[in-house]
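First the structure, in the form of structure tokens, and then the observations on it.
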Amino acid sequence: MTETHKRPTVRDVARAAGVSVATVSRALSRPDEVKKSTRDHILAVVRETGYTTNQMAVDFRTGRSRTLMVLVSDISNPFYAEFFKGIEVHARGRGYTLLIGDTSENADTELVYSGMLGSNKADGVLLNTSEMPQGMIAQTQEQDGTGKPVVACTTIREARVPTVRIDNDLGGAIAATHLLEQGHRNLLQVCGPLQHDAIHRRFRGFDQVLETAGLGRARTIRSDGNLSIDYGRRAANEIAQMPDRPTGVFVHNDEAAIGLLHEFSRLGISVPGEISVVGYDDLSFASTTTPGLTTVRHSRRKWGSMACDRLIDLIEGTNTAVDEQVIQPVLITRESTARPRSPD
């Protein structure tokens, strides 16, 4: 006679662990709400019994996928690694998984992700894009129930949604203040497209400090595309050809700043001897350049974690306000900035 084994249930796990069914459910779906020792004990019993959740049944009961969509405009940018990590760790702690997408600011691609969201492949979306994707309707924009929970990670002017962003106005001001305090007056910004909110704010914050100090606006080298290492190299060559070179340069991200440093070195332009350079983001390799890159740091992991928390609260209805949370950046001083060289 063949022995049949009954599949263990959540009640079996609760009985073996000596806790309630509700506690087992919380430990598996919202582990951050359960004391660590209790959670570890329950997970050990789960492994011993071979219990697995019936996710399809959970989805049918709640109407939720317990999946969060995260959309960025360029997934290849190393900037996003810590941002994604902050989201993933926090989402997992609250019982959610991630679906990460790269829109490339392409309308057809955006429509694909909007369709996935509309067909309940995800419960809500975190946007780190400059605009609302094509076809996407935020829950706070439509009152008839057709919208989805959306949290933006930068200001999206046409969308009235909760926002968790970096204080880029302050970041630009920090860079300008540092260069002025070092004694620089001939300044230049290397920036990206000003229609992007984060770039516009950095640009504005930098120039406002100069204007307050009684100086004119800084000269500008502006990219219409991504601020890449290659673009930083091209900007360095443009600066090298200027008859009146700036003594201080603010580059709007570290990736382009590193390209600038490398090209200056190739051209024989001393940093910080002839030109001081300030970057933005404090990527992991900013401290490994020669010289080390002075930069404006903001915690991308904290940013991701806060944005994730805000989206889940919106999905679960515990905070439906259209609010804004702002993270303040700080200056990290390294060897790429110094006082300008005195004229001979």
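Quick check on PHE250: is it touching a helix residue (DSSP H, G or I) at 6+ places or on another chain (Cβ under 8 Å), aromatic (Phe, Trp, Tyr), surrounded by 15 or more Cβ atoms within 10 Å (Cβ to Cβ) and not in a strand (DSSP E or B)?
Against the criterion (touching a helix residue (DSSP H, G or I) at 6+ places or on another chain (Cβ under 8 Å), aromatic (Phe, Trp, Tyr), surrounded by 15 or more Cβ atoms within 10 Å (Cβ to Cβ) and not in a strand (DSSP E or B)), PHE250 does not qualify.
Name the single residue, out of those in the stretch 158-198 being modelled with pLDDT under 95 and in a helix (DSSP H, G or I), that is surrounded by the most Cβ atoms within 10 Å (Cβ to Cβ).
Among those residues, the one meeting the criterion is ALA198.
Mind checking whether some residue in the stretch 329-342 is crowded, with 19+ Cβ neighbours inside 10 Å and under 18 Å from the mean Cα position of the chain (by Cα)?
Checking the stretch 329-342: at least one residue is crowded, with 19+ Cβ neighbours inside 10 Å and under 18 Å from the mean Cα position of the chain (by Cα).
Between a first residue in the stretch 28-41 that is at pLDDT below 70 and a second residue that is among the basic types (Lys, Arg), which pairs have beta carbons less than 7 Å apart while being 6 or more apart in sequence or on different chains?
Between residues of the stretch 28-41 that are at pLDDT below 70 and residues that are among the basic types (Lys, Arg), the close pairs are ARG30/ARG94; PRO31/ARG39; ASP32/ARG94.
How many residues, within the stretch 200-228, are at pLDDT 95 or above and within 22 Å of the chain's Cα centre (by Cα)?
Result for the stretch 200-228: 7.
Please state which one of ILE275, ILE269 is surrounded by fewer than 21 Cβ atoms within 10 Å (Cβ to Cβ) and not small (Gly, Ala, Ser).
Only one candidate qualifies: ILE269.
Are any of the residues in the stretch 63-73 closer than 25 Å to ASP313 by Cα, modelled with pLDDT under 90, crowded, with 18+ Cβ neighbours inside 10 Å and within 20 Å of the chain's Cα centre (by Cα)?
yes
Scan the stretch 209-223 for residues that are farther than 21 Å from THR337 by Cα and either touching a Gly at 6+ places or on another chain (Cβ under 8 Å) or not in a loop (DSSP other than H, G, I, E, B) (or both) and report the count.
Within the stretch 209-223, residues that are farther than 21 Å from THR337 by Cα and either touching a Gly at 6+ places or on another chain (Cβ under 8 Å) or not in a loop (DSSP other than H, G, I, E, B) (or both) number 4.
Can you pull out every residue in the stretch 75-104 that is outside any helix (DSSP H, G or I), surrounded by 14 or more Cβ atoms within 10 Å (Cβ to Cβ) and in contact with a Ser or Thr (Cβ under 6 Å, 6 or more places away or on another chain)?
GLY95, LEU99, THR103 - these are the residues of the stretch 75-104 that are outside any helix (DSSP H, G or I), surrounded by 14 or more Cβ atoms within 10 Å (Cβ to Cβ) and in contact with a Ser or Thr (Cβ under 6 Å, 6 or more places away or on another chain).
The values are calculated or read from the model by the stated rules, or taken from the named source; none is laboratory data. Just so it is clear, the structure is predicted and the values come from calculations on it, not from any experiment. FYI the Cβ positions are ideal-geometry reconstructions off the backbone, even for glycines, and counts take in every protein chain you see.
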